[in-house]
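Below you'll find the structure, written out as structure tokens, and then a few comments.
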Ligand code: ADP
Ligand code: ADP
């Protein structure tokens, strides 16, 4: 577990466009932080800078108190769940979940133990041998979650993980994510357009607008204000 601290973070793309202008935001150890805001306000860019998929133009990013600006994604110990799940089509569900452990050369018996634990939590046991193409949207989503929880990450990052699901499944997965985060107590940053997700999942909600933090508040303060 780790705090995530952003200090005057700026992201300027090659064409000179500033997608993130000057964001300072502290996310506490174990906190569930929601990022909301209109399309194009910089949510994904911010998330990608936290994971290390995007260079930071200026400012400092600290995870667990340590500067990570120059650290490669694989050295940051974070788990990210993407909107499109980003599963490997040629790999079984088992190997998709195991993937981060394979990267870190975890011994086979430990991989087996951890994949089975993740499959227990997410009720994926009967699907472990299947390929992603043969799964429903909700099952794919679970596999992506399994890959995120299979190792001891310092934080979870979610980029609109439920936006491709129908309303019923979205409700189920929302409950599941809330349960998982409470159980694991891991620092979480969660991008969404969905007000119900922001209301029910977040300890705090950060509203971004044109690359700037407009407001940071509890869901209650944000949605019940006059
Ligand atoms: P959001 O996730 O809030 O929809 P993004 O972080 O994806 O917003 O994008 C923020 C802004 O940065 C948008 O205007 C987008 O067009 C721009 N942008 C994103 N990625 C790039 C890129 N690789 N090159 C140039 N501009 C980009
Ligand atoms: P999202 O669904 O998060 O809004 P987009 O569909 O806007 O994402 O962008 C998908 C990918 O394209 C991202 O990797 C983003 O960085 C990149 N991208 C977005 N806007 C631009 C842009 N104006 N120029 C170049 N790349 C972009």
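Read the figures in this text as sums done on the coordinates, not as results from a lab. The structure presented is a predicted model; accordingly, all values stated were derived computationally and were not measured. Cβ placement follows ideal geometry from the backbone for every residue including glycine, while neighbour counts extend to all protein chains displayed.
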If I take the Cα coordinates of region 1-86 and project them onto the principal axes, what are the three extents in Å, biggest first?
35, 28, 22
Once both label points are put 7 Å beyond Cα along the C-beta direction, the residue 104-residue 88 separation in nm becomes 1.7
For 25, 53, what's the fewest-to-most ordering of other Cβ within 10 Å of each Cβ?
53, 25
What does the convex hull of the Cα atoms of region 34-122 come to per residue, in Å³, rounded to a whole number?
151
Most fluctuating residue given options 171, 16, 30, as computed from a GNM of the chain linking Cα atoms under 10 Å
16
Jot down the radius of gyration and Dmax of region 143-193, Cα atoms only, both in angstrom.
10.8, 30
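Can you tell me what share of the DSSP beta bridges in the chain is antiparallel? A percent to the nearest 5 is fine.
Roughly 50 percent of the DSSP beta bridges within the chain come out antiparallel.
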Please work out how much length the chain gains when fully extended from residue 167 to residue 22, using 0.36 nm per residue of separation minus the C-alpha to C-alpha distance, in nm with one decimal.
48.7 nm
Rounded to the nearest 10 degrees, what's the angle between the helix 167-184 long axis and the longest principal axis of the chain, both from Cα atoms, 0 to 90?
90
To the nearest 10 degrees, how steep is helix 137-149 against the longest Cα principal axis of the chain, on a 0 to 90 scale?
80
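Subtract the Cα-Cα distance of residue 209 and residue 136 from 0.36 nm times their separation in residues, and report this length gain in nm to one decimal. Can you show the working numbers first?
Details: separation 73, 0.36 × 73 = 26.28 nm, distance 3.44 nm.
Length difference between fully extended and current span is 22.8 nm.
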What are the extents of the Cα atoms of the chain along their three principal axes, listed from largest to smallest and rounded to whole Å?
46, 41, 32
If each of residue 29 and residue 126 carries a label point 7 Å out from its Cα toward its Cβ, how far apart are those two points in nm?
4.2
Given region 87-194 reduced to its alpha-carbon atoms as identical point scatterers, what log10 I(q)/I(0) does the Debye formula return at q = 0.21 Å⁻¹?
-1.22
When the Cα centres of region 120-154 and region 13-33 are compared, how far apart do they sit, in Å?
29
For 22, 120, 15, what's the fewest-to-most ordering of other Cβ within 10 Å of each Cβ?
15, 120, 22
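When a footprinting reagent is the concern and you count Cβ atoms within 10 Å, what order do 121, 23, 93 take, fewest first? Could you put the intermediate results ahead of the total?
On the way: 121 18, 23 21, 93 27.
Starting with the residue having the fewest Cβ neighbours, the order is 121, 23, 93.
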Can you give the angle from 0 to 90° between the axis of helix 93-103 and the longest principal axis of the chain, with both taken from C-alpha atoms, to the nearest 10?
60
So residue 195 and residue 39, fully extended at 0.36 nm per residue minus their Cα-Cα distance, gain in nm 54.7 nm
Correct semi-axes for region 13-63, from √(5λ) of the alpha-carbon gyration tensor and rounded to whole Å with the largest first, are 20, 14, 9
